[in-house]
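The values are calculated or read from the model by the stated rules, or taken from the named source; none is laboratory data. Note that the structure is a prediction, hence the values are computed from the model and not measured. When we count neighbours, we look across all protein chains shown, and the Cβ atoms used for this are built from the backbone with ideal geometry, even at glycine.
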């Protein structure tokens with residue numbers, strides 16, 4: 001479990017007042033560059049995560065690793081004490097595990113292995129900037145119980161995970177979730193003049209229709 005530091009405990013209400021602006025602050029501008037680079041790689045996910053795998057090929061993942069826009073909406077509504085920074089931390093933890101699992105199932109000569117390894121490198125670059133953009137004490141705070149439970153299950157040894165807790169998902173669907181939730185949780189980095197609602201599933205359905213239209 002993540003514990004509070006002694007400095008935080010001694011700081012008391014004053015420490016809380018100092019941290020509130022940080023927790024409520026928008027995505028640090030320094031994080032947008034690595035996230036946009038990551039997004040550039042994700043734009044090729046259809047080719048590398050669908051066409052290079054057998055039809056109906058799936059990967060075994062934790063149920064919590066099927067992290068969709070609907071999960072974010074539900075958590076925002078139903079879980080108290082939940083801020084955007086906590087959701088962003090959870091996003092990094094979830095997708096770190098997914099990338100590791102995808103690389104693990106690919107043989108060295110798999111046509112998508114190099115792409116996935118590059119994706120993981122860019123993901124780690126973004127994670128590094130994310131951590132450096134916030135005071136260390138932020139990451140020493142206790143997570144809300146509901147999020148801590150998810151975190152513990154994500155980091156549990158695979159042989160200790162009950163069989164009903166596993167799910168099977170296609171590489172493409174996992175990368176779709178990865179991309180969509182990134183835009184939702186770090187929307188300041190992807191905002192356009194049209195101000196799309198990146199947290200709405202309808203936005204992504206419309207985007208898919210636009211891409212398919214020239215082929216019809």
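Could you look through the stretch 183-216, keep only residues that are in a loop (DSSP other than H, G, I, E, B) and in contact with a helix residue (DSSP H, G or I) (Cβ under 6 Å, 6 or more places away or on another chain), and pick out the one that is modelled with the highest pLDDT?
186
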Conditions (1) modelled with pLDDT of 90 or more; (2) crowded, with 16+ Cβ neighbours inside 10 Å: number failed by residue 166:
(2)
Flag for residue 139 being touching a residue at least 24 places away in the same chain (Cβ under 8 Å), loosely packed, with under 15 Cβ neighbours inside 10 Å and closer than 25 Å to residue 187 by Cα:
yes
Is it the case, given these coordinates, that residue 164 is in contact with a helix residue (DSSP H, G or I) (Cβ under 9 Å, 6 or more places away or on another chain), free of Cβ contacts under 8 Å to residues at least 24 places away in the same chain and over 27 Å from residue 36 (Cα atoms)?
yes
Selection count where residues are closer than 17 Å to residue 58 by Cα, in contact (Cβ under 8 Å) with a residue 24 or more places away in the chain, assigned to a helix (DSSP H, G or I) and in contact with a helix residue (DSSP H, G or I) (Cβ under 7 Å, 6 or more places away or on another chain), scope the stretch 75-132:
6
Can you find, within the stretch 24-47, the residue that is modelled with the lowest pLDDT among those that are more than 16 Å from residue 125 (Cα to Cα) and either touching a strand residue (DSSP E or B) at 6+ places or on another chain (Cβ under 8 Å) or surrounded by fewer than 15 Cβ atoms within 10 Å (Cβ to Cβ) (or both)?
24
Matching entry among 48, 57 (being in a loop (DSSP other than H, G, I, E, B), over 27 Å from residue 147 (Cβ atoms) and in contact with a helix residue (DSSP H, G or I) (Cβ under 9 Å, 6 or more places away or on another chain)):
57
Kindly indicate whether any position in the stretch 112-122 is within 13 Å of residue 88 (Cα to Cα) and buried (at least 16 other Cβ atoms within 10 Å of the Cβ).
no
